[in-house]
Amino acid sequence: MAAHQEKKPSEERKHRGTQNDTRTSQVQWGRAWEVDWFSLASILFLLMFAPFIVYYFIMSCDQYQCSLIDPLTDLFTGNRHLSDIWNKTPTLTYRAAGIYTLWVAFQVFLYVFIPDFCHKFLPGYVGGVQEGAVTPAGAVNKYEINGLQAWIITHVLWFANAYYFHWFSPTIIFDNWIPLLWCANVLGYAVSTFAMIKSYFFPTNAEDCKFTGNFFYDYMMGIEFNPRIGKWFDFKLFFNGRPGIVAWTLINLSYAAKQQELYGQVTNSMILVNVLQGIYVLDFFWNEAWYLKTIDICHDHFGWYLGWGDCVWLPYLYTLQGLYLVYHPVQLCTANAIGILVLGLISYYVFRMTNHQKDLFRRTNGNCKIWGKKPEYIECSYMSVDGTKYYSKLMTSGFWGWARHFNYTGDLMGSLAYCLTCTCGFQHILPYFYIVYMTILLTHRCIRDEHRCFSKYGKDWKRYTAAVPYRLIPGIF
């Protein structure tokens, strides 16, 4: 969806208890208020089993050469017991705890104490202090956008160490991968629990807190909309972007270094993983200011879903292709390598241009050209908790006229390209987990986002979906 949000002068926008839908639905668009039995069952399942799912994937590579079937076969046939698998699993070490503590502390330092300077010399880059979208309570938060700078500093130091200082091995992440998993889990649960306690006793903005009365739902999906410590440390922006996404490219580099150590070369498939996922990560940080307008910041509250998910799920399961290629190096033929590269670049073009069209439409309030002509749109209005009325435009031109979430379509194409780098038959399921997971995630996100939008915009949303009937794939879905 492409939406331009603007505040009208107060005499125009303050219409308390009027228009568009009932007041009840107007103030629910930030997050669900009621928890049905299916949602509760799903949440309990994830809270209980998601950490074990991550462990199972990483353990299968460490002990079973990335086979997801062999561990189950061994257990069901009695060849091995759970205790056998667990006893072979590396434990938490002081070395891993030290590495992880220094890593997170360094990223906090870069985030809080080093104001952005990249926007001063990089043309087109938007950094420094930026405003976020309007929250359900009508607040507008300010953010210090310095993720690109943190990424650059981190990677300059990484390469300086690898080629000059030699303080630690470039394979350090791979060599401590499972002990680091325990550290990431500790941080994920600690920050999620702290965020919940904070929402009860000292919330940043009490009006942006939502309590369902269900402990498990509130713990997972979060209560506080924008928990902060001090003026600038915003939990959502930090944990969504740092330390997980900054680490993404470092993790892949560590995998490549391990390939070089084990086999004396880095395969073209590993290079493709590093290049394609590196483009995605750099795009995230180059457009971090734009990220302030996305569902994670604009709608999700901060709970276990984001806190643990960004600390554990993202760095461990989004990098499975590189991990697989350490155990199963694949040298693609030239035609396959070029084909995967082209697919990855096309997917990035679709993803970036779709988001560019939305951003251009927002910035110009629709006074721009999309594909050579003035864009079409649906006029909408909505209300915040305090009864203030806001106005939006939902674009129905360009890629956004093809499907309501066409940026996700580009994302899925890129996910497929990552998985295809591991193609050497279909000997293992693990490399293709990412495309399966992203399809489920983005489809669910479409439905979840559209439920919020209907609650937010009411009948105007129905007009929009009539104008753009497809979610992801034009003519199909």
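Figures for the structure shown
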item: All positions within region 376-391 that are out of contact with any Phe, Trp or Tyr (no Cβ under 6 Å at 6 or more places or on another chain), on the phi < 0 side of the Ramachandran plot and open to solvent by less than 40 Å² (accessible area, probe 1.4 Å); result: Met383, Ser384, Thr388, Lys389
item: Out of Leu472, Leu430, Leu441, Leu420, sole residue that is within 30 Å of Ile43 (Cβ to Cβ) and either at pLDDT 90 or above or of a type in the set (Phe, Trp, Tyr) (or both); result: Leu430
item: Residue check, Leu157 at pLDDT 95 or above and exposed (fewer than 14 other Cβ atoms within 10 Å of the Cβ); result: yes
item: Condition met for Ser39 (under 25 Å from the mean Cα position of the chain (by Cα), outside the structural domain of Gly303 (by the TED database), open to solvent by less than 70 Å² (accessible area, probe 1.4 Å) and at pLDDT below 95); result: yes
item: Test: Ile447 is β-branched (Val, Ile, Thr), under 26 Å from Phe361 (Cα atoms) and part of a helix (DSSP H, G or I); result: yes
item: Helices (runs of 4 or more DSSP H) lying entirely in region 289-386 (those with 2 or more residues that are closer than 20 Å to Gly410 by Cα and not assigned by the TED database to the domain that holds Gly244); result: 334-363
item: Among (1) charged (D, E, K, R); (2) touching a residue at least 60 places away in the same chain (Cβ under 8 Å); (3) assigned to a helix (DSSP H, G or I) - the single one Glu144 does not satisfy; result: (3)
item: Selection from region 250-296 of residues that are open to solvent by less than 10 Å² (accessible area, probe 1.4 Å) and hydroxyl-bearing (Ser, Thr, Tyr); result: Ser254, Tyr255, Thr267, Ser269
item: Verdict on Ile173 being touching a residue at least 12 places away in the same chain (Cβ under 8 Å), farther than 30 Å from Asp218 by Cβ, open to solvent by 40 Å² or more (accessible area, probe 1.4 Å) and in the same structural domain as Ile279 (by the TED database); result: no
item: Filtered residues of region 416-435 (kept if surrounded by 23 or more Cβ atoms within 10 Å (Cβ to Cβ) and not aliphatic (A, V, I, L, M)); result: Tyr418, Thr421, Cys422, Pro431
item: Residue within region 299-313 that is surrounded by fewer than 23 Cβ atoms within 10 Å (Cβ to Cβ), in contact (Cβ under 8 Å) with a residue 12 or more places away in the chain and β-branched (Val, Ile, Thr) present; result: no
item: Positions within region 93-118 being β-branched (Val, Ile, Thr) and surrounded by 14 or more Cβ atoms within 10 Å (Cβ to Cβ), in sequence order; result: Thr93, Ile99, Val104, Val108, Val112
item: Scope region 42-73; condition more than 20 Å from Tyr324 (Cβ to Cβ) and open to solvent by less than 90 Å² (accessible area, probe 1.4 Å); matching residues; result: Ser42, Ile43, Leu44, Leu46, Leu47, Ala50, Pro51
item: Out of Gln130, Gln149, sole residue that is open to solvent by less than 10 Å² (accessible area, probe 1.4 Å), outside any loop (DSSP other than H, G, I, E, B), in the same structural domain as Ala105 (by the TED database) and touching a helix residue (DSSP H, G or I) at 6+ places or on another chain (Cβ under 8 Å); result: Gln149
item: Among residues of region 344-361, those that are under 17 Å from Glu288 (Cα atoms) and either more than 22 Å from the chain's Cα centre (by Cα) or free of Cβ contacts under 8 Å to residues at least 40 places away in the same chain (or both), counted; result: 2
item: Residue in region 223-236 that is assigned to a helix (DSSP H, G or I), open to solvent by less than 20 Å² (accessible area, probe 1.4 Å), on the phi < 0 side of the Ramachandran plot and among the β-branched types (Val, Ile, Thr) present; result: no
item: Within region 209-222, considering residues that are open to solvent by 10 Å² or more (accessible area, probe 1.4 Å) and assigned to a helix (DSSP H, G or I), the one nearest to Arg448 (Cα to Cα); result: Met221
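The values are calculated or read from the model by the stated rules, or taken from the named source; none is laboratory data. This structure is a prediction, so every number in the text was calculated from the model and none was measured. Cβ sites come from the backbone with ideal geometry, for glycine too, and all protein chains shown count toward neighbours. Remember, those area values only see protein heavy atoms, side chains included, never the ligands or the DNA or RNA. Shrake-Rupley method; radii C 1.70, N 1.55, O 1.52, S 1.80 Å.
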